[in-house]
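Peer 1: Here's a structure for you.
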Amino acid sequence: MIEIERLTKRYGDTTVVDDVSFGVEEGTITVVVGTSGAGKSTLLRMINRLVEPTSGRVLIDGQDTRSIPEDDLRHRIGYVIQGYGLFPHRTVAQNIATVPRLLGWDRKRIADRIEELLDLYQLDPAEFATKFPHELSGGQQQRVGVARALAARPELLLMDEPFGALDPVIRAKAQDDLLAIQRRLRATIVLVTHDMEEAFHLGDRIAVMDQARLIQYGPPAELLTRP
Ligand code: ADP
Ligand code: ADP
């Protein structure tokens, strides 16, 4: 459903993403893995057009993202970054309600969706809906960040080092939670990490980047590099 075709980004004479192509099947997790500076974030940000490609294109359900208005694209593609980007002066419920409100969902539908997402993440709505981000642990903030990104059922969720700020024990739990929720909601995810172990744990497909190029792509069992 998502086709990434020959995406290339140059800054001056430097090519930071070089002719990268792969497809992302609906309901799967594709993990883009590679060392720092390999071009992973730039690739991810070209998918939602936060970065304009020098050449190449991205198709969502056959539709070129260039023909999709930017507002629509923001709703159709969720985005989670390290640090989660929660609005500090909005409650958990208000944070999760952000995109559904922009889309004009009615109050009942928004409240039901918030409850469903908090339940999925085992955060009791009665306790957590009215809390502010600073009242949450890092792991809880991470979960609310994902819940917010999934709220309006985006066709695609992009995650850039979403567990980078978590300590190892909480990170393992957060990875397992994400997998469970992804399977449950059949979400389509492209996740960026520098952690090969995380890639093998989460990826239905793994795309290995090195120095701007895609050097390997496939299901974990078929990759040459093992963690
Ligand atoms: P990764 O996510 O794999 O660490 P990035 O996509 O962040 O890699 O960066 C890849 C390369 O592109 C790096 O060398 C980085 O310095 C460079 N780069 C990223 N954004 C810009 C920019 N706006 N202008 C110039 N160079 C950039
Ligand atoms: P505002 O004052 O901006 O309307 P609220 O905190 O009252 O903010 O509500 C934000 C959204 O979250 C609303 O759509 C509301 O229905 C929903 N909401 C608030 N509390 C809960 C809760 N306990 N469970 C589920 N949804 C909730």
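The values are calculated or read from the model by the stated rules, or taken from the named source; none is laboratory data. Note that the coordinates shown come from a computational prediction; the quantities given were computed from them, not determined experimentally. Neighbour counts run over all protein chains shown; Cβ positions are idealised from the backbone, glycine included.
Peer 1: Return the residue satisfying two criteria in turn: it lies in region 32-65 and is surrounded by 14 or more Cβ atoms within 10 Å (Cβ to Cβ), among the charged types (D, E, K, R) and not in a helix (DSSP H, G or I), and of such residues it is modelled with the lowest pLDDT.
Peer 2: Within region 32-65, the match that is modelled with the lowest pLDDT is Arg49.
Peer 1: Arg10: within 16 Å of ligand 1 (Cβ to nearest atom), over 30 Å from Phe200 (Cβ atoms), out of contact with any helix residue (DSSP H, G or I) (no Cβ under 8 Å at 6 or more places or on another chain) and not in a loop (DSSP other than H, G, I, E, B), yes or no?
Peer 2: Yes; evaluated as a whole, the condition is true for this residue.
Peer 1: Could you please find all residues in region 111-135 being under 13 Å from Leu150 (Cβ atoms), more than 8 Å from ligand 2 (Cβ to nearest atom) and of a type in the set (A, V, I, L, M, F, W, C)?
Peer 2: Leu117, Leu120 - these are the residues of region 111-135 that are under 13 Å from Leu150 (Cβ atoms), more than 8 Å from ligand 2 (Cβ to nearest atom) and of a type in the set (A, V, I, L, M, F, W, C).
Peer 1: Determine which member of the set Pro88, Pro162, Pro154 is in contact (Cβ under 8 Å) with a residue 24 or more places away in the chain, part of a loop (DSSP other than H, G, I, E, B), more than 12 Å from ligand 2 (Cβ to nearest atom) and surrounded by fewer than 18 Cβ atoms within 10 Å (Cβ to Cβ).
Peer 2: Pro88
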